[in-house]
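Q: Dropping the structure in here first, questions after.
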Amino acid sequence: MREKPIGIFDSGVGGLTVAHAIKQILPGESLIYFGDTAHLPYGDKSEESIRYYSEKITEFLIGHNSKAVLIACNSASASAYDHLKDKFGGKIILLDVIDPVVEFLSGRNFGRIGVIGTKRTISSGTYEHKIMKKSSKTTVVSLATPLLVPMIEEGFIFDDISNAIIRTYLSNPLLSEIEALILGCTHYPIIKNQISKYFNFSVEVVDSARIVSLALKEVLERNNLLNPSAAGQDIFYVSDYTDYFERIARMFFERDINLQKADIWT
Ligand code: DGL
């Protein structure tokens, strides 16, 4: 059981930010990654569709022997985590990307926190709701930033176009006077430096990748499921093949990756 892989999924390249952090914190673990590129972006989809996709992908990851499944997508965490817990909770360790961040922030006493994310994540109100439940003195303001995922998936990063889009969103008066900004989408760590720079590094930009990886380590440890053997093999599946996915994955892991197309929808 301990040598089995950790299943992880997202709509596209976003979850790679989490996969990369897991490999840094738990280098002995093998990953099985699923990027649902055929249905990207999730942020525009209905809750019902995201639940359906998430359920099928979780079945796929369990069918490929995962010892735990991590929802490395905020839109799916906001829309489908409870549903997946009902469906698979007793059978497998299941983690999302929102709860560990809420837990992390609860010890920090911020007065005003901003959240940016997809339309699905922001309209769900999940972050506000969960943060305010834990820390009633914190004000949470949220802003949907739907252009950021297609921008990143199209490779517009560290350039004038992305700077203009980021500036336009972050200059929204709603975000004035925030002390911290949650990157409520796993794609956004890819542009974390551009975001920090916009705020002249005076706002703490909270990215879930490391926080979630530490939560995963803790839960595996608690269940005696950490892989004791040497570095495992990682495998990446996409539901639709794109060059860009392979390029970004290679950039993250600094090596060739084992990438395969898995058609789980027919
Ligand atoms: N990376 C995802 C998230 O955290 C999905 C973005 C999308 O597909 O719209 O929300």
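Q: LEU61 - would you say it is touching a helix residue (DSSP H, G or I) at 6+ places or on another chain (Cβ under 6 Å) and more than 10 Å from the ligand (Cβ to nearest atom)?
A: Spelling it out, it is not the case that LEU61 is touching a helix residue (DSSP H, G or I) at 6+ places or on another chain (Cβ under 6 Å) and more than 10 Å from the ligand (Cβ to nearest atom).
Q: Which count do you get for residues in the stretch 192-208 that are at pLDDT below 95 and part of a helix (DSSP H, G or I)?
A: 1
Q: May I ask you to verify whether VAL69 is closer than 25 Å to ILE178 by Cβ, among the aliphatic types (A, V, I, L, M), within 16 Å of the ligand (Cβ to nearest atom) and modelled with pLDDT of 95 or more?
A: When the stated conditions are applied, VAL69 does not pass them.
Q: Ok, one more. Against the condition hydroxyl-bearing (Ser, Thr, Tyr), within 14 Å of the ligand (Cβ to nearest atom) and touching an Asp or Glu at 6+ places or on another chain (Cβ under 8 Å), how does THR118 come out, does it pass?
A: Considered against the rule, which asks whether it is hydroxyl-bearing (Ser, Thr, Tyr), within 14 Å of the ligand (Cβ to nearest atom) and touching an Asp or Glu at 6+ places or on another chain (Cβ under 8 Å), THR118 comes out as yes.
Q: Does SER79 qualify as being small (Gly, Ala, Ser) and within 11 Å of the ligand (Cβ to nearest atom)?
A: yes
Q: Something else now. For the stretch 135-183, how many residues are at pLDDT 95 or above, in contact with a Pro (Cβ under 9 Å, 6 or more places away or on another chain) and either away from the ligand (no atom under 16 Å from the Cβ) or of a type in the set (Val, Ile, Thr) (or both)?
A: Selection size over the stretch 135-183: 0.
Q: Right, here's the next one. ILE113: surrounded by 21 or more Cβ atoms within 10 Å (Cβ to Cβ) and more than 15 Å from the ligand (Cβ to nearest atom), yes or no?
A: When the stated conditions are applied, ILE113 passes them.
Q: Restricting attention to strands (runs of 3 or more DSSP E) lying wholly within the stretch 62-155, give those where 2 or more residues are more than 28 Å from ARG222 (Cβ to Cβ) and either touching a Ser or Thr at 6+ places or on another chain (Cβ under 7 Å) or not assigned by TED's automatic domain parsing to the domain that holds LEU31 (or both).
A: 112-117, 139-144
Q: Look through the stretch 106-142, keep the residues that are more than 17 Å from the chain's Cα centre (by Cα) and aliphatic (A, V, I, L, M), and return whichever of them is nearest to ALA72 (Cα to Cα).
A: Going through the qualifying residues, I end up with ILE131.
Q: Filter the stretch 236-266 for residues that are among the aromatic types (Phe, Trp, Tyr) and either outside any loop (DSSP other than H, G, I, E, B) or under 19 Å from the mean Cα position of the chain (by Cα) (or both) and give the result.
A: If the condition is that a residue be among the aromatic types (Phe, Trp, Tyr) and either outside any loop (DSSP other than H, G, I, E, B) or under 19 Å from the mean Cα position of the chain (by Cα) (or both), then PHE236, TYR237, TYR244, PHE245, PHE252, PHE253 are the ones that fit.
Q: Scan the stretch 33-47 and give yes if some residue there is β-branched (Val, Ile, Thr), surrounded by 24 or more Cβ atoms within 10 Å (Cβ to Cβ) and more than 13 Å from THR186 (Cα to Cα), otherwise no.
A: no
Q: Same structure, new question: Please go through the stretch 210-235 and pick out each residue that is among the aliphatic types (A, V, I, L, M), at pLDDT 85 or above and in a loop (DSSP other than H, G, I, E, B).
A: LEU225, LEU226
Q: If you don't mind, there's one more thing I want to ask. How do the pairs read when you match residues in the stretch 126-153 that are free of Cβ contacts under 8 Å to residues at least 12 places away in the same chain with residues anywhere that are of a type in the set (Val, Ile, Thr), using Cβ under 7 Å and keeping only pairs 6 or more apart or on different chains?
A: The qualifying pairs are MET132/THR138; MET132/VAL140.
Q: Then there is this: Just to check your reading of the model, which residue among GLY232, GLY184 is out of contact with any Leu (no Cβ under 7 Å at 6 or more places or on another chain), of a type in the set (Gly, Ala, Ser), surrounded by 13 or more Cβ atoms within 10 Å (Cβ to Cβ) and not assigned by TED's automatic domain parsing to the domain that holds PHE104?
A: From the options GLY232, GLY184, the qualifying one is GLY232.
The values are calculated or read from the model by the stated rules, or taken from the named source; none is laboratory data. Because the structure is a prediction, the values reported are computed rather than measured. Note that each Cβ is placed from the backbone with ideal geometry, even for glycine, and that neighbours are counted across all protein chains shown.
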